[in-house]
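First the structure, in the form of structure tokens, and then the observations on it.
The values are calculated or read from the model by the stated rules, or taken from the named source; none is laboratory data. This is a predicted model, so every value here is computed, not measured. Note: ideal-geometry Cβ built from the backbone for every residue, glycine included; neighbour counts use all protein chains shown. What goes into the accessible areas is simple: the full protein's heavy atoms, side chains included, and nothing from ligands, DNA or RNA. Shrake-Rupley method; radii C 1.70, N 1.55, O 1.52, S 1.80 Å.
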Amino acid sequence: MSDPFLIGRCALVTGSTSGIGLAIACALGAAGARVAVNGLGSPEQIAAALDAVRAAGAADVSHFGADLSDAAAVETMMAEVAAWAPVDVLVNCAGVQHTAPIAEMPAATWDKLIAINLSAAFHTMRLSLPGMAARGFGRVVNIASVHGLVASVNKSPYVASKFGLVGLSKVAALEYAGAGNRDSGGVTVNCVCPGWVETPLIEPQIAAKAQAAGGDRDAGVRELLREKQPSGRMSLPDEIADLVLWLCRRQSHNLSGAAIPVDGGWTAQ
Ligand code: NAD
């Protein structure tokens, strides 16, 4: 449903060619925003993502294909998006995972995960927050993870990057807390911290559990949930997108510096 306050605002959603990011891009599009889509994928996958955001009702949509592991490419992308429209809403959603014990984690994999999951968000934020403050309105929503709040084994770069993202977001929330006012919407910075969400990102982890359960995927999913997520249910990307959209509304002007778990009770334990 469109939100008069968000109609025509520019929203950049990194990692929006798939999964949670695509659902967020569609939700912001349905609210009436112009959506800058970023993410990797085949030409067909990217075209399908743009079609989905357009069909959701976006005022305009365009793809910016920067590889976020490259800081210079992020900087170029930010200049290109700003030339398209000043960024009012920034959602850092791009993320990758690799599981291995610390001693077996390749150093190059550490560098890549930190670059994509954490440093890219620093660069997009440092390049868009001053403009948001000058205009009196801005929203940064960083898709962290339950792993920004608690740890699990075999996820050293992922957990480090997500804890870092939560900390970075709190610093930015403080630095920009006084920007704008209630009517202009202010500038807020928050994290959303999902537990398990049904997307391609977690398929390798489901596959590993399924293999241990004799190839039964449903049993693999149940085992994954049983370990950590007391609700026993995965979230859907649309459900995460609903929360992100709410954080972007004018009415959320005083909610800043939070790291909101959507984890079926995982971090309540
Ligand atoms: P996904 O694999 O479906 O989507 C990841 C997106 O990031 C894709 O659009 C991909 O193209 C993009 N991306 C990856 N590397 C990139 C790069 N170098 N440059 C630009 N874009 C790149 O995964 P998802 O589950 O939708 O994950 C989205 C975010 O949600 C991630 O930050 C992830 O850590 C977080 N998250 C996911 C879950 C879950 O259970 N799925 C749980 C908690 C947090």
Enumerate the pairs (first residue in region 233-256 and under 16 Å from A177 (Cβ atoms); second residue anywhere and in a helix (DSSP H, G or I)) with beta-carbon separation below 6 Å, excluding pairs fewer than 6 apart on the same chain, so at least 6 apart or on different chains. S256/A173
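Can you find even one residue in region 106-116 that is touching a strand residue (DSSP E or B) at 6+ places or on another chain (Cβ under 9 Å) and hydrophobic (A, V, I, L, M, F, W, C)? Before the answer, list the steps.
Initially, region 106-116 is screened for residues touching a strand residue (DSSP E or B) at 6+ places or on another chain (Cβ under 9 Å), giving 106, 109.
Pick out the ones that are also hydrophobic (A, V, I, L, M, F, W, C) and you get none.
Looking for residues that are touching a strand residue (DSSP E or B) at 6+ places or on another chain (Cβ under 9 Å) and hydrophobic (A, V, I, L, M, F, W, C), one finds none in region 106-116, hence no.
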Being within 9 Å of the ligand (Cβ to nearest atom) and at pLDDT 95 or above is true for just one of L50, L22. Which residue is that? L22
Within the set of pairs 6+ apart or on separate chains, which have a first residue in region 126-138 that is open to solvent by 70 Å² or more (accessible area, probe 1.4 Å), a second that is in a loop (DSSP other than H, G, I, E, B), and C-beta atoms under 8 Å apart? R135/P86; R135/D88; R135/G180; R135/S184
Given the options L90, L174, name the one that is closer than 18 Å to V244 by Cβ and more than 13 Å from the ligand (Cβ to nearest atom). L90
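Please enumerate the residues belonging to region 211-244 that are touching a Lys or Arg at 6+ places or on another chain (Cβ under 6 Å) and either away from the ligand (no atom under 11 Å from the Cβ) or modelled with pLDDT of 95 or more (or both).
Of everything in region 211-244, those that are touching a Lys or Arg at 6+ places or on another chain (Cβ under 6 Å) and either away from the ligand (no atom under 11 Å from the Cβ) or modelled with pLDDT of 95 or more (or both) turn out to be G220, E223.
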Checking A31 against (1) buried (at least 23 other Cβ atoms within 10 Å of the Cβ); (2) within 13 Å of the ligand (Cβ to nearest atom), the condition it does not meet: (2)
